[in-house]
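The values are calculated or read from the model by the stated rules, or taken from the named source; none is laboratory data. Please read all numbers here as calculations on a predicted model, not as lab measurements. So basically every Cβ, Gly included, is an ideal-geometry build from the backbone, and we count neighbours across all protein chains shown. Note: accessible area is taken over every heavy atom of the protein model, side chains too, but ligands, DNA and RNA are not part of it. Shrake-Rupley method; radii C 1.70, N 1.55, O 1.52, S 1.80 Å.
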Amino acid sequence: MNNAFLGALQKRRTQYSLGRNLPQPKEELLALIQEAIKHSPSSFNSQSSRALVLFGAESEKLWRIAVDEVRKVAPAEGFDKTEAKLGSFAAGVGTVLFFEDQDVVRSLQEKFALYADNFPVWSEQAGGMAQLAVWSTLANADVGASLQHYNPLIDAAVAREWNIPASWKLRAQMPFGSNENGFGEKPFMDDAERFRVAG
């Protein structure tokens with residue numbers, strides 16, 4: 001089966017060994033990220049997903065914040081491994097921080113009361129699709145990435161440092177850069193256990 005979109009999905013893998021050896025300029029990477037989010041679906045075309053894209057020293061600052069915040073709650077014993085992992089994220093070119101705008105969610109809840117309970121769920125689904133879209137788009141451009149979740153530990157510090165609107169709820173972080181290591185075989189469960197077909 002030859003399908004460009006499926007090819008991008010198949011190419012998307014978690015990359016922890018990031019570097020700064022990318023041919024694309026910052027402007028091109030930013031355009032890829034913005035277009036991927038812009039064209040991601042959302043319920044009622046709410047466009048609730050938001051992003052902060054950090055490059056270079058600003059991305060490094062984010063992961064120093066993460067080290068400081070995680071250190072407050074993590075056991076001291078073995079923290080050097082955690083710190084090294086966080087440092088590996090800072091070794092890349094940048095980081096995308098994904099947010100969902102809660103003002104958009106609340107507005108939809110008020111406007112369409114019948115579906116009020118669903119809008120927070122649909123917002124999370126929209127955020128997940130935006131994350132996958134960015135990740136696959138970057139992978140298709142031979143840019144490595146992984147998806148991280150240090151929220152809510154880092155939320156307050158991030159909001160202060162980058163003047164994030166109060167309604168933006170941090171949902172995930174995606175460090176990205178050059179692929180400095182290859183990928184192993186990805187295991188899949190048996191299709192018969194995962195899929196059912198009728199008709």
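Annotation for His39 and Ala4: the two label points, set 7 Å from Cα along the Cα-Cβ direction, are 0.8 nm apart. Inter-part distance, region 132-173 to region 55-87, computed on C-alpha centroids, equals 15 Å.
Averaging 1/r across all pairs of distinct Cα atoms in the chain and inverting the result yields a Kirkwood radius of 18.3 Å. Over region 83-193, the reciprocal of the mean inverse Cα-Cα separation, the Kirkwood hydrodynamic radius, stands at 16.3 Å. Only helices enter this figure: runs of n ≥ 4 DSSP H residues, each worth -39500 (n - 2.57), summed and divided by the residues of the chain, yield -14000 deg cm²/dmol at 222 nm to the nearest 500.
Stretched out fully, how many nm does the piece from Ala84 to Arg20 gain, at 0.36 nm a residue minus the Cα gap? All intermediate terms of the calculation are to be shown ahead of the outcome.
On the way: separation 64, 0.36 × 64 = 23.04 nm, distance 1.73 nm.
Full-extension gain reported as 21.3 nm.
Using a/c under 1.5 as the rounded threshold, could you call region 22-108 rounded, prolate or oblate? The axes a ≥ b ≥ c are square roots of the C-alpha gyration tensor eigenvalues, and prolate needs a/b larger than b/c, oblate otherwise. Oblate shape, in that a/c is at least 1.5 and b/c is the bigger or equal ratio.
Rolling a 1.4 Å probe over the protein heavy atoms leaves His39 with an accessible area of roughly 130 Å². Note on Lys72 and Tyr115: the extension gain reaches 11.5 nm, defined as 0.36 nm multiplied by sequence separation minus the Cα-Cα distance.
For region 1-67, taking the reciprocal of the average inverse distance between every pair of different Cα atoms yields a Kirkwood hydrodynamic radius of 15.0 Å. Averaged over its residues, region 101-199 has an accessible area of 61 Å² per residue, based on protein heavy atoms and a 1.4 Å probe. Cut-off 10 angstrom, C-alpha nodes, Gaussian network model of the chain. Which of Met189, Met174, Met129 fluctuates the most? It is Met189. In plain terms, the chain is cut at each of the GluC sites (Glu not before Pro) found in a DSSP loop with at most 13 other Cβ atoms within 10 Å, and the longest leftover piece is 78-184.
At 20 °C and 1.002 mPa s, grab the translational diffusion coefficient of region 141-199 from Stokes-Einstein with a Kirkwood Rh over Cα pairs, rounded to a whole number in µm² per second.
The estimated diffusion coefficient comes to 138 µm²/s.
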